[in-house]
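Note sheet for the following structure.
Bear in mind that the values in this text are calculations on the coordinates, not laboratory data. Keep in mind that what you see is a predicted model, and the values were worked out from it rather than measured.
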Amino acid sequence: MTQLLPLVDAIPPVRGKAGAPLRKPKKVQGDRAYDSEEHRLRLSARGIATEIARRNTPHGSGLGVFRYVVEQALALLHQFRRLRVRYDKRDDVHEALVKVGCIVMCWRRLHSSIGYV
């Protein structure tokens, strides 16, 4: 919960269309752990809309469709033992291993879609 705003600030510029690169998201989605009026106010002050589930409300917001993609990616990364149980003390080594894990995941997905195994 304390890392939401630094995470939004760390988003790199998005290239694509001509003109100034997009530096902030249009909308932030989050689960009940991020339910805080302070976060909502700070994000709206930056011009970012929020879709954060509120605590003590019934489920059914529809965010599960998007959350499934994230949960599936994390589950695939946890196939790698060094990422499931973090032994590395240095952040740069851990980040490098996460990147290698993402590369392997993409490679497997591409080869399975082409027909190679």
*Could you work out which residue, out of Lys27, Lys99, Lys89, moves most in a Gaussian network model of the chain, that is, has the largest mean-square fluctuation with Cα springs under 10 Å?*
Lys89
*Relative to the first principal axis of the alpha-carbon coordinates of the chain, what is the inclination of helix 64-77, with its axis defined by its Cα atoms, in degrees from 0 to 90 and to the nearest 10?*
40
*Collect residues whose amide H, placed 1.01 Å from N in the peptide plane, falls under 5 Å from the amide H of Gly30; neighbours closer than 5 in sequence don't count.*
Glu51, Ile52, Ala53
*Post the alpha-carbon centroid distance, segment 70-103 to segment 1-43, in whole angstrom.*
23
*Can you list residues whose amide H is under 5 Å from Lys24's amide H, if they're 5+ apart or on another chain and H is modeled 1.01 Å from N?*
none
*asked:* Run the helix sum for the chain: -39,500 (n - 2.57) per DSSP H stretch of 4+ residues, divided by residue count, reported at 222 nm to the nearest 500 deg cm²/dmol.
replied: -15000 deg cm²/dmol
_If you fit an axis through the alpha-carbon atoms of helix 91-114 and take the longest principal axis of the Cα set of the chain, what angle between them do you get, 0 to 90°, nearest 10?_
70
